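**Student:** Quick one: structure below, then a few questions.
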Protein chains: 2
Amino acid sequence: MARGLSIGRVARATGCKVQTIRYYEGIGLLPQPHRTNGNQRQYDESAIGRLSFIRHARELGFSLEAIRDLLALSDDPDNSCADVDRVAQRHLDQVESRIARLQSLQRELKRMLTQCRGGKVATCKVIDVLSDHSLCVSDDHREGPSL
Amino acid sequence: MARGLSIGRVARATGCKVQTIRYYEGIGLLPQPHRTNGNQRQYDESAIGRLSFIRHARELGFSLEAIRDLLALSDDPDNSCADVDRVAQRHLDQVESRIARLQSLQRELKRMLTQCRGGKVATCKVIDVLSDHSLCVSDDHREGPSL
DNA sequence: CTTGAAGCTCTAGTTACTGTAGATATTAGG
DNA sequence: CCTAATATCTACAGTAACTAGAGCTTCAAG
């Protein structure tokens, strides 16, 4: 009876785009599903679970590589939770340093904007600030791929 | 006397990589410099200024497109500062919404991690949280290219 | 049985670079 | 002046994580 789910149904159920699902299959995050006689993909419920997991983790800013790790860990229920925690903790660290950097950036932008109201470009503080490297707040511009 | 600066010197002076400078030239952010007989680029001091501007703005998270706008505006000193302000203000708005989203993400990650200490994957709360879409905090996952 | 939506594969484009290969140029030391 | 080391040149490929399109086939409804 249960005929299986078309890729479009899975897309609607999870909020992913059809192409994204195919892309995830291509890079090995999703297993290759059964195909109909006409070569169309047919999924079962478990695909929705796995894809929801991926999508939610992406929304939380995990990279596809981190998600690949998480999926591998979760596929083995005897695995120690500590490994999963480690991935999440590392991600939390990244998020926190990112917040800190954005906040210092926010301060600098606000300062720029309050100093410069009206006037001509020739005296624009925004451009001054951007030109003057010595005013730079942060030297950290290395950042992981996530988010 | 002043023979002009090699690309390597400019790179060291600004903290950019040599390839990055050539890339910026290729996409029209930097003008084509004079060349030596041997076809090597020779810059003057003004190139360092322009490149520092670009680099600093990048560090502050402006996209190359925004920087292109800013450079065009700053190249005409009669321009109204308001246009420059508008670019900076829009960027500030983006930064602030990004901070807000990261903070809610931070809360969710912390909650995940405090709920799950030790144990096996089969009962791991991190994986539970990531699997359960209904717990999702934020629905905003559209974001501009900058930073 | 027809028609239109949905699916298929494959390719190229996005952003902002980074890295490599293989050839040429410049500079410093002897 | 010659050589060796370093720097630069062009051109192309690769990165992350998709997105969009061309041109074709399949499916479901009426």
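The values are calculated or read from the model by the stated rules, or taken from the named source; none is laboratory data. As the structure is a computational prediction, the values presented were derived from the model and not from experiment. Virtual Cβ from ideal backbone geometry, glycine too; neighbours counted across all protein chains shown.
**Student:** For residue A:52, are the conditions met, namely being within 26 Å of residue B:110 (Cβ to Cβ) and not aliphatic (A, V, I, L, M)?
**Tutor:** In short, yes.
**Student:** Within segment B:12-31, work out how many residues are within 12 Å of DNA strand D (Cβ to nearest atom), within 14 Å of chain A (Cβ to nearest Cβ) and not in a loop (DSSP other than H, G, I, E, B).
**Tutor:** Of the residues in segment B:12-31, 3 are within 12 Å of DNA strand D (Cβ to nearest atom), within 14 Å of chain A (Cβ to nearest Cβ) and not in a loop (DSSP other than H, G, I, E, B).
**Student:** Going by the conditions given, is residue B:57 surrounded by 19 or more Cβ atoms within 10 Å (Cβ to Cβ) and within 15 Å of residue A:131 (Cα to Cα)?
**Tutor:** The answer is yes for residue B:57.
**Student:** Can we say residue B:84 is within 16 Å of DNA strand C (Cβ to nearest atom), under 20 Å from residue A:115 (Cα atoms) and surrounded by 16 or more Cβ atoms within 10 Å (Cβ to Cβ)?
**Tutor:** Against the criterion (within 16 Å of DNA strand C (Cβ to nearest atom), under 20 Å from residue A:115 (Cα atoms) and surrounded by 16 or more Cβ atoms within 10 Å (Cβ to Cβ)), residue B:84 does not qualify.
**Student:** I would also like to ask the following. Considering only residues that are hydrophobic (A, V, I, L, M, F, W, C), more than 9 Å from chain B (Cβ to nearest Cβ) and under 18 Å from residue A:25 (Cβ atoms), which ones fall in segment A:55-103?
**Tutor:** First, the residues of segment A:55-103 that are hydrophobic (A, V, I, L, M, F, W, C): A:57, A:60, A:62, A:64, A:66-67, A:70-73, A:81-82, A:84, A:87-88, A:92, A:95, A:99-100, A:102.
When the remaining residues are screened for being more than 9 Å from chain B (Cβ to nearest Cβ), the result is A:64, A:66, A:71-72, A:100.
Of everything in segment A:55-103, those that are hydrophobic (A, V, I, L, M, F, W, C), more than 9 Å from chain B (Cβ to nearest Cβ) and under 18 Å from residue A:25 (Cβ atoms) turn out to be A:64, A:71, A:72.
**Student:** Has segment A:66-74 got any residue that is among the hydrophobic types (A, V, I, L, M, F, W, C), closer than 14 Å to residue B:101 by Cα and either more than 16 Å from DNA strand C (Cβ to nearest atom) or touching a residue at least 60 places away in the same chain (Cβ under 8 Å) (or both)?
**Tutor:** Let us first name the residues in segment A:66-74 that are among the hydrophobic types (A, V, I, L, M, F, W, C), namely A:66-67, A:70-73.
When the remaining residues are screened for being closer than 14 Å to residue B:101 by Cα, the result is none.
The answer is no, given that none of the residues of segment A:66-74 is among the hydrophobic types (A, V, I, L, M, F, W, C), closer than 14 Å to residue B:101 by Cα and either more than 16 Å from DNA strand C (Cβ to nearest atom) or touching a residue at least 60 places away in the same chain (Cβ under 8 Å) (or both).
**Student:** Of the conditions (1) closer than 30 Å to residue B:131 by Cα; (2) away from chain A (no Cβ under 13 Å), residue B:34 satisfies every one except a single condition; which number is it?
**Tutor:** Among (1) closer than 30 Å to residue B:131 by Cα; (2) away from chain A (no Cβ under 13 Å), the lone unmet condition for residue B:34 is (1).
**Student:** A follow-up question, please. Taking residue A:46 and the conditions (1) among the polar types (S, T, N, Q); (2) more than 13 Å from DNA strand D (Cβ to nearest atom); (3) at pLDDT 95 or above, which numbered condition does it fall short on, given that it satisfies the others?
**Tutor:** (3)
**Student:** While we're looking at this one, here's another question. Any residue that is surrounded by 15 or more Cβ atoms within 10 Å (Cβ to Cβ), over 30 Å from residue B:88 (Cβ atoms) and assigned by TED's automatic domain parsing to the domain that holds residue A:127 - is there at least one of those in segment A:90-103?
**Tutor:** Yes, there is a match, as at least one residue in segment A:90-103 is surrounded by 15 or more Cβ atoms within 10 Å (Cβ to Cβ), over 30 Å from residue B:88 (Cβ atoms) and assigned by TED's automatic domain parsing to the domain that holds residue A:127.
**Student:** Hey, another quick one. Which of the residues spanning segment B:23-58 are near DNA strand C (Cβ under 10 Å from one of its atoms) and either small (Gly, Ala, Ser) or over 18 Å from the mean Cα position of the chain (by Cα) (or both)?
**Tutor:** Across segment B:23-58, the qualifying residues are B:26, B:35, B:36, B:37, B:38, B:39, B:40, B:42, B:57.
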